Amino acid sequence: MTAKVIIFDFDGTIADSLDAVVNITNRLAVEFGYQPANLEDIEKIKSLSSREIIQFSGVSIFKLPFLLRKVRVRLNNQIRDLKPFPGIKETFTELKSQGNQLGIITSNSKENVTIFLKENDFIGLFDFIYSAPTIFGKHKVINSFSKKQNIQASEMVYVGDETRDIEAARKSRIKVISVSWGFNSKEVLAKHQPDFLVNKPSELLKVIKSLQEQVL
């Protein structure tokens with residue numbers, strides 16, 4: 001049976017953290033030399049790919065790792081206030097009860113994710129948490145995990161809310177499910193052609209079931 005390891009992105013897929021991340025990055029604007037984002041900017045950014053967002057922001061590619069590190073640290077102070085998207089916990093519980101292995105690979109820190117899971121009573125639902133060192137480094141973590149655990153690409157599926165999640169899954173040759181309730185708009189996600197695009201957490205159950213039934 002395939003798709004028994006389901007890997008999730010964190011910010012925008014599990015945790016509703018957009019407002020917190022925008023507030024933090026706006027406060028860091030002067031230090032890193034970019035313009036703070038207003039509501040109009042945010043709506044525009046949602047329709048851009050992850051790489052286009054970096055170009056739009058004007059942040060130097062050399063400064064990006066340092067910006068990401070500061071965002072992680074400052075988000076630590078707000079992580080206890082973040083909430084999961086409605087219906088996501090029930091979906092995780094059902095997927096886990098079906099015998100699936102659930103994990104998280106994120107550009108956020110493992111510490112932040114662990115605090116969030118404890119605060120929202122998600123402990124016990126996830127088998128592993130890995131933090132990608134860079135915004136575009138998730139595929140390397142996926143490949144490392146696959147090799148260490150001796151898991152084939154056909155046994156994994158990635159769930160995320162951004163175009164970079166689609167890119168990471170493609171590089172790792174695994175199926176990808178995009179969710180429309182996170183950061184990137186439904187339209188830009190569809191343009192990047194994920195294997196599946198869902199609009200609410202409960203739809204993940206149907207997609208995972210269909211993947212598993214393909215080889216029965």
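Every number in this text was worked out from the coordinates using simple rules, so none of it is lab data. Predicted model only: the values in this text are computed from it and were never measured. Don't worry about glycine lacking a Cβ; one is built from the backbone with ideal geometry, like all the others, and counts go over all protein chains shown.
One table, with the values for the structure above:
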| item | result |
| --- | --- |
| Residue 38-residue 127 FRET efficiency (beta carbon distance; Förster radius 30 Å; 0.05 resolution) | 0.15 |
| Point-charge dipole on Cβ atoms (K/R +1, D/E -1) for the chain, about Cα centre, debye to 20 | 700 |
| Angle in degrees between helix 88-97 and the longest Cα principal axis of the chain, rounded to the nearest 10 | 30 |
| Listed residue (193, 68, 123) projecting farthest to the positive dipole end of the range 60-216, Cβ model | 68 |
| With Cα atoms, 0 to 90° folded angle of helix 64-75 axis to the chain main axis | 80 |
| Hull volume in cubic angstrom per residue (convex hull over the Cα atoms of the range 18-80) | 83 |
| Tilt relative to the chain, helix 163-172 - C-alpha long axis, 0 to 90 degrees, to 10 | 50 |
| The chain, helix-only ellipticity at 222 nm - DSSP H runs n ≥ 4, -39,500 (n - 2.57), divided by all residues, nearest 500 | -13500 deg cm²/dmol |
| Contact order relative to length of the chain, as percent, for alpha carbon pairs under 8 angstrom and 6 or more apart | 30 |
| Restraint check, 118/206; 46/206; 4/96; 4/191; 4/171; 4/89, Cα-Cα greater than 21 Å | 118/206; 46/206; 4/191 |
| Square roots of five times the Cα gyration tensor eigenvalues for the chain, Å | 28, 18, 17 |
| Estimated Rh, the range 99-216: Kirkwood, alpha-carbon pairs, angstrom | 15.0 |
| The range 144-216-the range 1-48 distance, computed between alpha-carbon centres (Å) | 19 |
